[in-house]
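The values are calculated or read from the model by the stated rules, or taken from the named source; none is laboratory data. Just so you know, these numbers come straight off a predicted model, no measurement behind them. Methodologically, a virtual Cβ is constructed for each residue, glycine included, from the backbone with ideal geometry; neighbour enumeration extends over all protein chains shown. Please note that ligands, DNA and RNA were not included when accessible areas were found on the heavy atoms of the full protein model with its side chains. Shrake-Rupley method; radii C 1.70, N 1.55, O 1.52, S 1.80 Å.
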Amino acid sequence: MKARNKAYRLRPVSIGEIVSIAIGALLSNKLRTLLTMLGVIIGIASVIAITSVGQGVQKATEQQIQSLGTDVLQILPGEARTGGISRGVGSSSTLTIQDAQAIREQIQTAQHVSAYLQRPGQVVSGQINHATNVVGIDLDYLKARNTELTQGRFFTPEEMKQAAPVAILGSTLLKELFGSDGNPLGQQLRIEGKNSYEIIGAFEPKGSEGSIDRDDQVFILITNMSERIVGNNALIGKAVNGIYVKTNSQTEMKLAEYQVTNLLRMRHNLAASATDDFSIRSQIGVVKTFSAVVQLFTIMLVAIAGISLVVGGIGIANIMLVSVVERTREIGIRKALGATNKGILHQFLVESVMLSIAGGLIGIAVGILVAFTTATVFQFPFIVSLWSVLSGFGLSFIVGLLAGVIPSQNAARLTPITALRSE
């Protein structure tokens, strides 16, 4: 008798059967299933895309800043004041060419030292008149700024001594004056309407530095700049707008900054209690500051995108509750045939998780596609980190699990008689 009862006992439903039933239930109403997944798709896609774009922009900016040299210090003049109001760092004339020469000769941690003097100006080539930035540089500029020429040659020591009227163009200015395929070498360029310069070269593209396009500039010798363009601009020596100091290595930057500070304070006769009449910046600080800002901005946007996941989870929970009501008689029949509360719980929970995971996978694909398209259009590195994909998948699983708990418990608590009597 016991053997006969055992033969009629309902066998447990396997995981494969639960999944198969869940897939059938979801596919029975494709439109509702798709609309239910939409919240999860948008949420996961937003997280992936925003994270990828943020990392790509951060990487592009870091590469751009590092191309200027992460072992370079920039020394700027102090701030001038008018009526007690500061005009900003670099507005006074406290640095000179002689300061740069002293750093070059006395600071052992300084490998290359380059002073520069710049002014906005008009340049004319043929019939083209263009407003640009005129920069006077010295012979150490190439190494101090980690840059190269794409055409022509650099200035010579003899030209430096003679303050020769020769010029090198930035890549943007080159295109403005001569087009993408133009050859500027040997051409004449008028600066400020009265001075004619021979173009001897063109710099490689370097991008923007803050609000300044470093490629929309014309470079001449600093000796020529101070004599013909600016004139006498300081009571003692020839004032400059800044000095670049390339150190022997990145590890020596702190020491170099300390040494340069002491040397300039002595040269400027500053008392011990007086504040510096100059400021020193490093590219490393710029990289760290920008990276922190981008990371904070990305986290904020990801948090906003997470709201879509919450909305998606609420949508899944609502649909699962509706599904329980619609399938009440089905639940009653299955319980009458021997299905356990645990089995019913698992059935609806699997449906909820599958709904969310499917939305998560589609969202990951959409997010990667959006990130790739954005990186291609705006030309920055395409980066999709593994953690963002895994976190997106994990979030979709958790959303489905949490959204399906209450509907699944409601389905499991139904008694066979109550379920079968339902209309």
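Report the one residue of ASN129, GLY394, ASN341 whose Cα lies farthest in the direction of the positive end of the charge dipole of the chain (charges on C-beta: Lys and Arg +1, Asp and Glu -1; origin at the Cα centre).
The residue sitting farthest along the positive end of the dipole is ASN341.
Relative contact order (percent) for the chain, with alpha-carbon contacts under 8 angstrom and 6 or more residues of separation?
About 28 percent, as a whole number.
Check cross-link reach from LYS342 to the aspartates and glutamates: straight Cα distance under 15 Å, and skip same-chain residues fewer than eight apart.
GLU17, GLU351
For the stretch 260-325, what does the alpha-carbon gyration tensor say about shape, rounded, prolate or oblate, given a ≥ b ≥ c as the root eigenvalues, a/c under 1.5 as rounded, and a/b over b/c as prolate?
Here the stretch 260-325 falls in the prolate category.
Quick one: what are the phi-derived ³J(HN,Hα) couplings along the stretch 238-245, Karplus 6.51/-1.76/1.60 with θ = phi - 60°, whole Hz, x for glycine and proline?
Computed from phi, the couplings for the stretch 238-245 are 10, 5, 10, 7, x, 9, 9, 10 Hz.
Take SER20 and PHE382, extend 7 Å from each Cα along the Cα→Cβ direction, and tell me the distance between the two endpoints in nm.
Distance between label points: 4.0 nm.
Which peptide among 380-392, 128-140 comes first, and what is the full order, when sorted by highest mean count of other Cβ atoms within 10 Å?
128-140, 380-392
With the Cα gyration tensor of the stretch 279-376 giving a ≥ b ≥ c as the square roots of its eigenvalues, does the rule (a/c under 1.5 for rounded; else a/b larger than b/c for prolate; else oblate) give rounded, prolate or oblate?
The shape class here is prolate.
What whole-number value in Å² describes the accessible area per residue of the stretch 219-278 for a 1.4 Å probe?
It amounts to 53 Å² per residue over the stretch 219-278.
Could you tell me the extents of the stretch 196-347's C-alpha atoms along the three principal axes, largest first, rounded to whole Å?
That gives 101, 47, 26 Å along the principal axes, largest extent first.
What FRET efficiency do you get for ARG413 and LEU390 if R0 is 30 Å and r is their Cβ-Cβ distance, rounded to the nearest 0.05?
Efficiency, rounded to the nearest 0.05: 0.30.
Accessible area per residue of the stretch 319-423 at 1.4 Å probe, in Å²?
54 Å²
Ignoring ligands, DNA and RNA, please state the percent of accessible area on the chain from carbon and sulfur, probe 1.4 Å.
Answer for the chain is 60 percent, counting heavy atoms of protein chains only.
Enumerate the amide H contacts of THR94 below 5 Å, restricted to partners 5 or more residues apart or on another chain; note that Pro and chain-start residues carry no placed amide H.
Those qualifying (amide H under 5 Å, at least 5 residues apart or on another chain) are GLY78.
ASN248's amide H: which non-local residues (gap 5+, or another chain) put their own amide H closer than 5 Å, with H modeled 1.01 Å from N in plane and none for Pro or chain starts?
GLN111
Counting only heavy atoms of the protein chains, get the accessible area per residue of the stretch 99-170 (1.4 Å probe) and round it to a whole Å² value.
45 Å²
Taking only complete DSSP H runs, can you tell me which helices of the chain stretch 20 Å or more along their own long axis by Cα positions and average at least 1.0 on the Kyte-Doolittle scale?
Sorted by number, the helices that extend far enough and score high enough are 283-326, 341-378, 386-413.
Using packing as a proxy for protection, rank 149-159, 341-351 so that the peptide with the highest average count of other Cβ atoms within 10 Å comes first.
So the peptides 149-159, 341-351, ranked by packing, come out 341-351, 149-159.
How do 225-231, 49-55, 297-303, 360-366 rank on mean C-beta neighbours within 10 Å, highest first?
Ranked by mean Cβ neighbours within 10 Å, highest first: 49-55, 360-366, 225-231, 297-303.
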